[in-house]
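Participant: The structure follows.
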Amino acid sequence: MRHSTAVTVALAFLSAIPALAQEYPSKQVRVVLPFPAGGGSDIIARVVAQKLTASLGQPVIVDNRAGASGNIAGEIVAKAPADGYTLLFGNSSLSISPAVFEKLNYDPVRDLMPISMASSYPFTLVIHPSLPVHSVKALVALAKSKPGELAYASAGGGTMSHMAMELLRVRTGIKLQHLPYKGAAPATVSIVGGESQLGFVVMPVASVQIKAGKLRGLGVAAPTRSSAAPEVPTMEEAGVKDNLAIQWNGFFAPARTPQPVIDRLHREVAKTVHLPDVKQRFDAEGAVPVGNSPGEFAAFFKVEAAKWADVAKRSGTKLD
């Protein structure tokens, strides 16, 4: 009797899933954003949310919950009901956090379901023009001749700009001072002002400073050169293999969210990011639209998490 009851309940649940997908959404959808208002990720999230409001037929609001390298927002969504009404617009830090934080109240890989990557853009290795080098090889040689004397700026411990440099250190064996700042903007100002000598900066910001002569670009941490600064070689062209550091943004739902809901959200996000006016806004932020499938995004996310776990272990990077 118990077995029969369990089967009946399971069948009733499965039969309800298609209806759930058809009815979804029937109320407001909340997108939790791990960044403060006004930044590039906030702009992209709000552009997409506005379009999703129209295509889903329900309000899609953005809720800024900055702090702890994105872990505050990540935990909120990981512990939310798995019904598709609380989503996360996360970034690369999600794949780094499990590797570098000693205490994390959730597991991004286990507790979140990737929906679709919205956009991506590469980090670029830049230096202050006062440094007498014009290539990555020359920079590595200089750093090895002065171990621990050169300082690099990052947007904070556990951010992609921090781990991108740790990846370079692992690949080349150089020793540098780390100057963590509270955000990408002050870190970039530090390099431009000469307080630090180098760092990894996202291409949209780096290209402006490179063109102005305030920074010198040495290598793009991506498989191909960027149209924003085509004169800057990739890190592999510059002599350092497997030194990829891509800043990406994407939508996640709590684990165990019904697959039909995930699929509906993916279809709408993928369609939205490729709309002409949305692509135009992305271009203004230096972002490239993606819109990949949940399976593709999940596979990418797991590979990224494994890569940064290896970098954290080899570099000894741990945060409280």
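Participant: Residue by residue through the stretch 188-213, note down the ones that are open to solvent by 50 Å² or more (accessible area, probe 1.4 Å), assigned to a helix (DSSP H, G or I) and among the small types (Gly, Ala, Ser).
Facilitator: The one that is open to solvent by 50 Å² or more (accessible area, probe 1.4 Å), assigned to a helix (DSSP H, G or I) and among the small types (Gly, Ala, Ser): Gly193.
Participant: Looking at the stretch 270-287, can you tell me whether even one residue there is of a type in the set (A, V, I, L, M) and closer than 29 Å to Gly193 by Cβ? Quick ask: steps written out before the conclusion?
Facilitator: Going through the stretch 270-287, the residues of a type in the set (A, V, I, L, M) turn out to be 270, 273, 275, 278, 284, 287.
Now narrow it down to the ones that are closer than 29 Å to Gly193 by Cβ: 284, 287.
Yes.
Participant: Out of all the residues in the stretch 278-303, which are in a loop (DSSP other than H, G, I, E, B) and either modelled with pLDDT of 95 or more or open to solvent by 40 Å² or more (accessible area, probe 1.4 Å) (or both)?
Facilitator: Start the filter on the stretch 278-303 by keeping residues that are in a loop (DSSP other than H, G, I, E, B), which leaves 285-287, 290-293.
Within the stretch 278-303, Glu285, Val290, Gly291, Asn292, Ser293 meet the criteria.
Participant: Report, by residue number, each residue of the stretch 257-271 that is over 15 Å from Phe297 (Cβ atoms) and either of a type in the set (Val, Ile, Thr) or surrounded by fewer than 16 Cβ atoms within 10 Å (Cβ to Cβ) (or both).
Facilitator: Val261, Lys271 - these are the residues of the stretch 257-271 that are over 15 Å from Phe297 (Cβ atoms) and either of a type in the set (Val, Ile, Thr) or surrounded by fewer than 16 Cβ atoms within 10 Å (Cβ to Cβ) (or both).
Participant: Identify, by number, the condition in (1) within 25 Å of Gly39 (Cα to Cα); (2) hydroxyl-bearing (Ser, Thr, Tyr); (3) modelled with pLDDT of 95 or more that Ser227 doesn't meet.
Facilitator: Among (1) within 25 Å of Gly39 (Cα to Cα); (2) hydroxyl-bearing (Ser, Thr, Tyr); (3) modelled with pLDDT of 95 or more, the lone unmet condition for Ser227 is (3).
Participant: Output the number of the condition that Tyr152 fails; it satisfies all remaining conditions of (1) among the hydroxyl-bearing types (Ser, Thr, Tyr); (2) under 20 Å from Ser315 (Cβ atoms); (3) not in a strand (DSSP E or B).
Facilitator: Checking Tyr152 against (1) among the hydroxyl-bearing types (Ser, Thr, Tyr); (2) under 20 Å from Ser315 (Cβ atoms); (3) not in a strand (DSSP E or B), the one that fails is (3).
Participant: Let me ask something additional. Of Ala141, Ala185, which residue is at pLDDT below 95 and in a helix (DSSP H, G or I)? Steps first, please.
Facilitator: Details: Ala141 fails: at pLDDT below 95.
From the options Ala141, Ala185, the qualifying one is Ala185.
Participant: So which pairs qualify, if the first residue must be in the stretch 67-94 and at positive phi, the second must be in a strand (DSSP E or B) and open to solvent by less than 10 Å² (accessible area, probe 1.4 Å), the Cβ gap must be under 7 Å, and the two must be at least 6 apart or on different chains?
Facilitator: Gly70/Gly90; Gly84/Ala253
Participant: Where residues in the stretch 221-256 are out of contact with any helix residue (DSSP H, G or I) (no Cβ under 9 Å at 6 or more places or on another chain) and among the β-branched types (Val, Ile, Thr), which of them is surrounded by the most Cβ atoms within 10 Å (Cβ to Cβ)?
Facilitator: Top of the filtered list is Thr234.
Participant: I'd like the full set of residues that are surrounded by fewer than 24 Cβ atoms within 10 Å (Cβ to Cβ) and either in contact (Cβ under 8 Å) with a residue 60 or more places away in the chain or under 11 Å from the mean Cα position of the chain (by Cα) (or both), limited to the stretch 101-111.
Facilitator: Scanning the stretch 101-111 gives Phe101, Glu102, Lys103, Val109, Arg110, Asp111.
To keep it simple, each residue is scored yes or no on (1) modelled with pLDDT of 95 or more; (2) among the aliphatic types (A, V, I, L, M).
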residue: Val60; (1), (2): yes, yes
residue: Ala66; (1), (2): no, yes
residue: Pro81; (1), (2): yes, no
residue: Leu87; (1), (2): yes, yes
residue: Phe101; (1), (2): no, no
residue: Ile127; (1), (2): yes, yes
residue: Ser130; (1), (2): yes, no
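Participant: Looking at this structure, is Ser196 among the small types (Gly, Ala, Ser) and closer than 24 Å to Gly38 by Cα? If you could, list the steps in order and put the result at the bottom.
Facilitator: Numbers: among the small types (Gly, Ala, Ser): yes; closer than 24 Å to Gly38 by Cα: no.
The answer is no for Ser196.
The values are calculated or read from the model by the stated rules, or taken from the named source; none is laboratory data. Nothing here was measured: the structure is a model prediction, and the numbers come from that model. As a convention, Cβ positions derive from the backbone with ideal geometry for all residues, glycine included, and neighbour counts pool all protein chains shown. SASA here: full protein model, heavy atoms, side chains in, ligands and nucleic acids out. Shrake-Rupley method; radii C 1.70, N 1.55, O 1.52, S 1.80 Å.
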